[in-house]
Amino acid sequence: MLDFLDTTARAASALYVLGDLFEYWAGDDALASDQHAASVAGAFRTLVKSGTPVFIMHGNRDFLLAQDFSHAAGASFLADPAEILVKGQRVLLTHGDALCTDDADYQAFRQQVRDPAWQRAFLAQPLADRNAQIEALRMRSESEKSGKALSIMDVNPQAVLALLADHGYPALLIHGHTHRPDAHEIEVDGHRCVRWVLGDWGDTGDYLQLDASGCSRHKLT
């Protein structure tokens, strides 16, 4: 990813990160001891100084990213969902987890950890304790996933249609979370929309490029 920020991203008019930038985030005080996180923040700041603004949306793994990270990265946080305009085309951005409404257990968890009171209580604990709790939650989550049908963990079609209708039928909807990269054509109330799904980043990955010719997917090299 650091190579991407130092090369390809510099040609963009803006960079949008739709959540899950990190495997997990226990609080901005991690910046002082996490060399990788500090390197990522520094790479973003360098990119911003080169002329490419960076916008970051919270994901289900890094919903505790806050102002200290934003300042270190020179980045701005995006609301979820957020609408942008690219070459006259309306584009709706979302992390995507709120669309997975069939997974009731996850939605209850999401509501809990997005609550400001819960976050204040969690962040009041020592960083080592927070890291340990998150690791335990991740292990439990991976175990629970193995017992769930894949369809339950995917977006709910009606939730997608409702989101598009609520936002006036944008031409493009882009999200991540499900890690099932694809482009789905949707017809809703007589309006055509394409739902683009971002892939996961591991040893490799891909990114979406929006320009006057539309949206296209590119592999990281």
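The values are calculated or read from the model by the stated rules, or taken from the named source; none is laboratory data. All of these numbers come straight from a predicted model, not from anything done at the bench. Cβ coordinates were reconstructed from backbone atoms using ideal geometry, including for glycine residues, and neighbour counts include every protein chain displayed.
Quick look at the numbers
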| quantity | calculated |
| --- | --- |
| Residues (charged (D, E, K, R) and surrounded by 14 or more Cβ atoms within 10 Å (Cβ to Cβ)) located in segment 146-174 | ASP154 |
| Scan of segment 14-32 for residues that are at pLDDT 95 or above, more than 19 Å from TYR207 (Cβ to Cβ) and not hydrophobic (A, V, I, L, M, F, W, C), ordered by number | GLY27, ASP28, ASP29 |
| Among (1) of a type in the set (Phe, Trp, Tyr); (2) surrounded by fewer than 21 Cβ atoms within 10 Å (Cβ to Cβ); (3) in contact with a helix residue (DSSP H, G or I) (Cβ under 7 Å, 6 or more places away or on another chain); (4) touching a residue at least 24 places away in the same chain (Cβ under 8 Å), the one test that PHE69 misses | (2) |
| Those helices (runs of 4 or more DSSP H) lying entirely in segment 1-95 with at least 3 residues small (Gly, Ala, Ser) | 35-50, 67-73 |
| Residue list for segment 175-192, filter: modelled with pLDDT of 90 or more, surrounded by fewer than 19 Cβ atoms within 10 Å (Cβ to Cβ) and not charged (D, E, K, R) | PRO181, ALA183, HIS184, ILE186, VAL188, GLY190, HIS191 |
| Residue within segment 117-124 that is of a type in the set (A, V, I, L, M, F, W, C), in a loop (DSSP other than H, G, I, E, B) and in contact with a Ser or Thr (Cβ under 8 Å, 6 or more places away or on another chain) present | no |
| Segment 87-99 residues that are buried (at least 22 other Cβ atoms within 10 Å of the Cβ), paired with ones that are assigned to a helix (DSSP H, G or I) and of a type in the set (Gly, Ala, Ser) (beta carbon under 9 Å, 6 or more apart) | LEU99/ALA159 |
| Looking only at segment 72-86, and only at residues there that are within 12 Å of the chain's Cα centre (by Cα) and closer than 27 Å to ARG192 by Cα, the one that is surrounded by the most Cβ atoms within 10 Å (Cβ to Cβ) | PRO81 |
| Conditions (1) surrounded by fewer than 14 Cβ atoms within 10 Å (Cβ to Cβ); (2) touching a strand residue (DSSP E or B) at 6+ places or on another chain (Cβ under 7 Å): number failed by SER39 | (2) |
| Members of segment 72-86 that are among the β-branched types (Val, Ile, Thr) and without any contact (Cβ under 8 Å) to a residue 24 or more places away in the chain | none |
| The one condition in (1) loosely packed, with under 12 Cβ neighbours inside 10 Å; (2) within 16 Å of VAL86 (Cβ to Cβ); (3) in contact with a Ser or Thr (Cβ under 8 Å, 6 or more places away or on another chain) that SER213 fails to fulfil | (3) |
| Residue identified as closer than 30 Å to ASP166 by Cβ and among the aliphatic types (A, V, I, L, M) among ALA75, ALA43, ALA38 | ALA75 |
